[in-house]
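Chemist: Can you read through this structure? Questions will come right after.
Here, each number is a calculation from the coordinates, and none is a lab measurement. Here the structure is a predicted model, which is why all the values come from computation and not from measurement. Positions of Cβ are generated from backbone atoms using ideal geometry, with glycine treated the same way; all protein chains shown enter the neighbour counts.
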Amino acid sequence: MFKLFRENVRIAIGSIRTQLLRTILTVLIIAIGITALVGILTVVSALENTLSSDFASMGANTFNINRYESNTRQRGGEREIINPIISYPQAVAFKNKYSYPLTQTSISFTATSTAEIKFEATKTDPENKIVGVDEYFMANSGLETSSGRNFTEFDIKNNTYNCIVGSDFEKGLLKDVNPIDKIISIRGAKFKVIGVLKEKGSTFGNSQDLRVLIPIQVARSLFTAPNINYTMSIMVSKKELLDQAIDNANSTMRRVRKLSPVKDNNFAIVRSDDLINKILSITQYLGLASWVIGIITILGSSIALMNIMIVSVTERTREIGVRKALGAKKTTVAFQFFIETLLIGQLGGLVGIILGIAIGYAIATAIDFVFVIPWGAISAAFLTSFTVAIISGLYPAIKASKLDPIEALRYE
């Protein structure tokens, strides 16, 4: 049986060589469909991996309370603010009133996103984010230091001029020096670096590593812009208590906001897992689109492959007649043409997989996504090319096996 299979493979390869141009064109048609499928699925996988990495940094078993959106509406001739900012007194009031078991609450705010940082005679471009935080901010946000330490309760309560910098500072302003205990200047105030954050990378071109964390009261004294919005982040130690903790936080925040029972919330509660699930659900449509594009193109390649095999059967009618006259069975003849179709189909699939991964990698690199090898897409492409070969090769193989040997030998 194996000897017969090996002989059929040898004959199939010989036939492919005699029709090289036609085979190359068919392989390219199949490869285009597989490339479209694998390429898009590779980019989708890279997007999902990037989003998972970025939003996982929000921290496990956490939820944030923040301003939902800023707009107003007319009501009885008066302009009503629907979603006002969360002020510092409200944030502190929430933290003091919220006492759900096994939780810790952090208060933070973005002071500016255009800060200029100085170290000795060197200064950065005005593109650094300054964030006012407390001692729980890093734990609740899933952040860690690569060197140095986090803020302590003493740092926050005593308003020490200490800071934690993003990893990009080690490549720029604080390059070639040990950042720990170095003094940097922010708005004329001197801060001692006590820690460096682990690298987080960029999200859609926005670097997560160009930020400086400073104690919240110090940040409030340096940055006094009106209408500063604060965010509360709550981490729950046990995942099974997360839903109850959110319900309790919702009722606590409504009391802080002095909302009557008939009024809707004018703040947002965002779970760390809900946020990523909503965003990743959008990528499902991209995956569906890739399958539609791939299937349409593969349908065309199936027709082309079937056509080349039908033509091959017609051109080799006398050969089939000779084989049958020498005793070849119908299954043997059918198997020979079927193997030939499978070889062409799998060759097209292999070329398409390589091109698809290469294109997906190039796109992911260009838009700064985290590239991952799309094993699911590769498996789908292999299965698809195999199915195409089976469907396309079935009819020509059956047609070849049913040829009458006498009539085939007479064929000119």
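Chemist: Among all the lysines, which ones have a C-alpha under 24 Å from residue 200's C-alpha, if same-chain residues fewer than 8 places away are not counted?
Modeler: Residue 200 reaches 118, 123, 129, 171, 175, 182, 192, 278.
Chemist: Can you list residues from other chains, or at least 5 along the same chain, whose modelled amide H is less than 5 Å from the amide H of residue 61?
Modeler: Residues meeting the criterion, in which the H sits 1.01 Å from N, do not exist here.
Chemist: Quick one: 3J(HN,Hα) in Hz for the range 111-117, Karplus 6.51/-1.76/1.60 with θ = phi - 60°, rounded, Gly and Pro as x.
Modeler: Running phi through 6.51 cos²θ - 1.76 cosθ + 1.60 with θ = phi - 60° gives 6, 6, 10, 10, 7, 9, 10 Hz.
Chemist: Would you mind telling me the antiparallel percentage of the DSSP bridges in the range 68-266, rounded to 5?
Modeler: 75
Chemist: Mind ordering 248-254, 36-42, 162-168 by average Cβ neighbours within 10 Å, highest first?
Modeler: Values: 248-254: 17.6, 36-42: 26.1, 162-168: 23.7.
Going by the mean number of other Cβ atoms within 10 Å, highest first, we get 36-42, 162-168, 248-254.
Chemist: A further question follows. Quick one: dipole size for the range 68-266, taken about the Cα centre, charges +1 on Lys/Arg Cβ and -1 on Asp/Glu Cβ, in debye to the nearest 20.
Modeler: Working: 27 positive and 22 negative charges, 127 e Å.
Around 600 debye, computed over the range 68-266.
Chemist: Could you order the peptides 344-355, 388-399, 173-184, 98-109 from most to least packed, using the average number of other C-beta atoms within 10 Å per residue?
Modeler: 344-355, 388-399, 98-109, 173-184
Chemist: With a point put 7 Å past each Cα toward its Cβ, work out how far residue 229 is from residue 122 in nm, to one decimal.
Modeler: It is 3.5 nm.
Chemist: Most exposed first by the Cβ proxy, i.e. fewest other Cβ within 10 Å, how do 119, 63 rank?
Modeler: 119, 63
Chemist: Give the distance, in whole Å, between the Cα centre of the range 320-351 and the Cα centre of the range 121-193.
Modeler: Computed from Cα coordinates, the inter-centre distance equals 70 Å.
Chemist: Let me ask something else. With a 10 Å radius around each residue's Cβ, average the other Cβ atoms per peptide and rank 217-225, 124-132, highest first.
Modeler: 124-132, 217-225
Chemist: Any idea how far apart residue 318 and residue 398 come out in nm if each label point goes 7 Å out from Cα toward Cβ?
Modeler: Here the answer is 2.9 nm between the modelled labels.
Chemist: Calculate the dipole size of the range 308-396 relative to its Cα centre from +1 charges on Lys and Arg beta carbons and -1 charges on Asp and Glu beta carbons; express the result in debye to the nearest 20.
Modeler: 600
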